[in-house]
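The values are calculated or read from the model by the stated rules, or taken from the named source; none is laboratory data. Just so you know, these numbers come straight off a predicted model, no measurement behind them. Positions of Cβ are generated from backbone atoms using ideal geometry, with glycine treated the same way; all protein chains shown enter the neighbour counts. Please note that ligands, DNA and RNA were not included when accessible areas were found on the heavy atoms of the full protein model with its side chains. Shrake-Rupley method; radii C 1.70, N 1.55, O 1.52, S 1.80 Å.
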Amino acid sequence: MDKTSKTTFSKVPEVTLVFWIIKVAATTLGETGGDTVTMTLKWGYLAGTALFLGLLVILVAAQIFAKKFHPFLYWTTIVASTTFGTTMADFADRSLGIGYTGGSSLLFLCLMGVLALWYWSERTISVNTVTTPKVEAFYWAAITFSQTLGTALGDWVADTGGLGYEGGALVFAAGLAVIAGLYFWTHLSRVLLFWAAFILTRPLGATVGDFLDKPVSHGGLALSRPLASAVIAVFIIGCLLVLPQRAGRHPAGARRGNR
């Protein structure tokens, strides 16, 4: 039998260096874009959260109903999840008064719960198996919680941890460097390393976004949020037009599990 007939294509992109470049840019756009709506346009955290939740639900539905991987649809959905994550985390941390520590802890437990349910149902949490509506639902739930956690965690390190936005970005960049080292020089589970990297790129993007638009007195550059968002959006679109984006693949019928 032809080997190509034993391979199915995922609804998410192949995980390459290009994937991570766009992912970090998307998370930064989520931070500046969310702050543009809630702060610059003065919508507030509740209204901003409702707006981006509605957009996210529509885009996730479109992603699930799509027959194959579409780069622009996928990354638009990722940006929507990062923007919703920004406004939701800010709403929980500030409007609900549970603080960065409480918000980060609650969101971490929610993310671990989603991943545990996903593994219990499918015996794997590999993104290469995102080919059915059920698995896509788990995937996007995990993505959304990881994006929201990243915002809270980034603010917690920068503010509560006292490192500032530059210090926070360095901490998360160092964490990603460690994960890269484990990927290249150990046999640690690639699935585990993917999710660790995915989670850490969100607070990295959050701290970079905050560094761009926060006041100088708070350790930022005080750039215009709409301008910063537009520049990052153009960069992402350029990457999608120039750099290759292929659907991930996995062997159909292969034994399920972490590999």
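With every protein chain left in place, what is the accessible area per residue of the stretch 83-220 in square angstrom, probe 1.4 Å?
Values: 5780 Å² over 138 residues.
In whole numbers, the stretch 83-220 has 42 Å² accessible per residue.
When the chain is treated as a Gaussian network with alpha carbon springs shorter than 10 Å, the biggest mean-square fluctuation among Leu46, Leu243, Leu56 belongs to Leu243. Net charge dipole, the chain: roughly 1200 debye, given to the nearest 20, about the Cα centre with Cβ charges of +1 for Lys and Arg and -1 for Asp and Glu.
Using only C-alpha atoms and all pairs of different ones, pull out the Kirkwood radius for the stretch 163-234 in Å with one decimal. If you can, show how the numbers build up before the last one.
Details: mean 1/r = 0.0745 Å⁻¹.
Evaluated over the stretch 163-234, this radius sits at 13.4 Å.
Please compute the contact order of the chain in relative form: average sequence separation of alpha-carbon pairs under 8 Å and at least six residues apart, divided by the residue count, as a percent.
Details: 395 pairs, mean separation 85.6, N = 259.
Relative contact order, the chain: 33 percent.
Scanning residues 5 or more positions from Val12 or on other chains, those with amide H under 5 Å from its amide H are Gly248, with H placed 1.01 Å from N in the peptide plane.
Secondary-structure-derived ellipticity at 222 nm for the chain, considering helices only, amounts to -23000 deg cm²/dmol, per-run term -39500 (n - 2.57) for DSSP H runs with n ≥ 4.
What full-extension length gain, to one decimal in nm, is calculated for Leu73 and Ala50 as 0.36 nm per residue of separation minus the Cα-Cα distance?
On the way: separation 23, 0.36 × 23 = 8.28 nm, distance 2.07 nm.
6.2 nm is the gain from fully extending Leu73 to Ala50.
Given the Cα atoms of the stretch 73-177, and with Rh set as the inverse mean 1/r over their pairs in the Kirkwood sense, what is Rg to Rh to two decimals?
Details: Rg = 14.9 Å, Rh = 14.6 Å.
Rg/Rh for the stretch 73-177 comes to 1.01.
Pick from Trp120, Trp195, Trp43: which is most flexible by mean-square fluctuation in a GNM of the chain where alpha carbon atoms under 10 Å apart are linked? Ranking Trp120, Trp195, Trp43 by mean-square fluctuation puts Trp120 first. Rg over Rh for the chain works out to 0.97, using Cα positions for both radii and the Kirkwood form for Rh.
So if each residue of separation counts as 0.36 nm, and I subtract the Cα-Cα distance between Leu192 and Ala62, what length gain in nm does that give? Intermediate results must be reported in sequence, preceding the final value.
Numbers: separation 130, 0.36 × 130 = 46.80 nm, distance 2.77 nm.
That pair, Leu192 and Ala62, stretches by 44.0 nm at full extension.
For the stretch 175-214, the Kirkwood radius over C-alpha pairs fed into Stokes-Einstein at 20 °C and 1.002 mPa s yields D = 195 µm² per second. Helix 45-65 and the longest principal axis of the Cα set of the chain meet at an angle near 10°.
When the charge dipole of the chain is built from unit charges on Cβ atoms (+1 for Lys and Arg, -1 for Asp and Glu) and taken about the Cα centre, the candidate among Thr40, Gly168, Trp118 whose Cα reaches farthest toward its positive end is Trp118.
Per residue and in cubic angstrom, what volume does the convex hull of the Cα atoms of the stretch 30-122 have? It would help to have the intermediate numbers written out before the result.
Working: hull volume 9.7 nm³, N = 93.
Once divided by residue count, the hull of the stretch 30-122 is 104 Å³.
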